[in-house]
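Here the structure is laid out as structure tokens; the discussion comes afterwards.
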Amino acid sequence: MDEFCSKAILYIKPALGGDLASTVSLNHEESPVIHDLQNGLLVLYVVDEGESLQFVQNRHLRAAGIDAEALHAVAMRNLLALIEERTRMQPHGNLFAVFLDGTFEASLLLVDYLWEEAFVEYAPNGFVAAVPARDMLAFADAASPGGIAELRDVISRVFPGGDHTISADLYRREAGRWVRFHA
């Protein structure tokens, strides 16, 4: 594996829809590597270049001699290494905010360990989470109407017009994956 791909990290982005998706066209080699979570969110892979994030493209996979599955495993290991050093969770009213580094907070949705072990005691009835921007992740217990209302308030402070927005939806953790939450 080459050095570039070995530094990849998981990065959550909103799924494109409508006319925009049909007007943006890149050839396969120049296209970013994308994993669709089938819930309005996509996983892309980036390398933090300090001042900017560089998307891992299919040409990078070919040059490294790896496939998307191997890239995902590397990017998850890199995210796990990052969170060991910097992640903190802080209660705020009826919800909990999760902080990392100001860029990869939303990506923490993808770390099963957090939702299956580390945060379980804070949401005994299951998780509802908001990722309105790349630097924001908050969750509440699924049985907390106050927590869910506060998550909606967090989203309303970001949409529309926030920086690096991701989703105005809430997500519920079900059977090890995140689905859109409607309540």
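For all pairs of alpha-carbon atoms in the stretch 61-141, what percent lies in each bin of width 5 Å, listed from the first bin to the last filled one?
All Cα pairs considered, the percentages come to 3, 14, 24, 23, 15, 10, 6, 3, 2, 0.
If we sort 89-100, 140-151 on the protection proxy, mean other Cβ atoms within 10 Å, highest first, what's the order? Provide the component values of the computation, followed by the final result.
Numbers: 89-100: 16.0, 140-151: 17.8.
Most protected by this proxy first, the peptides run 140-151, 89-100.
Rounded to the nearest 500, what is the chain's calculated 222 nm mean residue ellipticity when only DSSP H runs of at least 4 contribute -39500 (n - 2.57) each, over all residues?
Taking each H run of at least 4 residues, the total per residue is -8000 deg cm²/dmol.
Rounded to the nearest 20 debye, what is the charge dipole size of the stretch 85-167 about its Cα centre when +1 sits on each Lys and Arg Cβ and -1 on each Asp and Glu Cβ?
260 debye
Could you give the size of the charge dipole of the stretch 126-183 about its Cα centre, using +1 on the Cβ of each K and R and -1 on the Cβ of each D and E, expressed in debye and rounded to the nearest 20? Present the calculation step by step, with values, prior to reporting the outcome.
On the way: 7 positive and 7 negative charges, 37 e Å.
Computed about the Cα centre, the dipole is about 180 debye.
Give the shape of the chain as rounded, prolate or oblate, defined through the alpha-carbon gyration tensor: a ≥ b ≥ c are the square roots of its eigenvalues, a/c under 1.5 means rounded, and otherwise the shape is prolate if a/b is larger than b/c and oblate if not.
Numbers: a/c = 2.00, a/b = 1.52, b/c = 1.32.
Prolate is the answer for the chain, as a/c is 1.5 or above and a/b outweighs b/c.
Which of Gly102, Gly50, Gly65 moves the most in a Gaussian network model of the chain with Cα springs under 10 Å?
In this elastic network of the chain, the residue with the biggest mean-square fluctuation among Gly102, Gly50, Gly65 is Gly50.
Any chance you could give the angle, 0 to 90 degrees and rounded to 10, that helix 145-158 forms with the longest Cα principal axis of the chain?
50 degrees
To the nearest 20 debye, what charge dipole does the chain have about its Cα centre, counting +1 at the Cβ of each Lys and Arg and -1 at the Cβ of each Asp and Glu?
Working: 14 positive and 26 negative charges, 76 e Å.
About 360 debye.
List, in order, the whole-Hz ³J(HN,Hα) value for each residue of the stretch 101-107 obtained from phi through the Karplus relation with A = 6.51, B = -1.76, C = 1.60 and θ = phi - 60°; use x for Gly and Pro.
Ordered by residue, 3J(HN,Hα) equals 9, x, 10, 10, 4, 4, 5 Hz.
If r is the Cβ-Cβ distance from Ala15 to Arg62 and R0 is 25 Å, what FRET efficiency results, to the nearest 0.05? If you can, show how the numbers build up before the last one.
Values: r = 25 Å, r/R0 = 0.98.
Calculated value: 0.50.
For the pair Glu85 and Ser52, what calculated FRET efficiency results from E = 1/(1 + (r/R0)^6), where r is the Cβ-Cβ distance and R0 = 30 Å, to the nearest 0.05?
Working: r = 21 Å, r/R0 = 0.72.
Once the sixth-power term is evaluated, E becomes 0.90.
Over the chain, give the accessible area per residue in Å² for a 1.4 Å probe, as an integer. Could the numbers behind the result be given before it?
Working: 9560 Å² over 183 residues.
I get 52 Å² per residue for the chain.
How much accessible area does Arg152 have with a 1.4 Å probe, in Å² rounded to the nearest 10?
For Arg152, solvent-accessible area is about 100 Å².
Per-residue HN-Hα couplings for the stretch 82-96, Karplus 6.51 cos²θ - 1.76 cosθ + 1.60 at θ = phi - 60°, whole Hz, x for Gly and Pro?
Residue by residue, the stretch 82-96 yields 5, 6, 4, 7, 10, 6, 9, 10, 9, x, 8, x, 9, 10, 10 Hz.
Take Asn125 and Asn27, extend 7 Å from each Cα along the Cα→Cβ direction, and tell me the distance between the two endpoints in nm.
Here the modelled spin labels are 5.5 nm apart.
The values are calculated or read from the model by the stated rules, or taken from the named source; none is laboratory data. Bear in mind the structure is a predicted one, so any value in this text is a computation, not a measurement. Note that we place each Cβ from the backbone using ideal geometry, even for glycine, and neighbour counts take in every protein chain shown. Heads up: the accessible areas ignore ligands, DNA and RNA and are worked out on the full protein's heavy atoms, side chains in. Shrake-Rupley method; radii C 1.70, N 1.55, O 1.52, S 1.80 Å.
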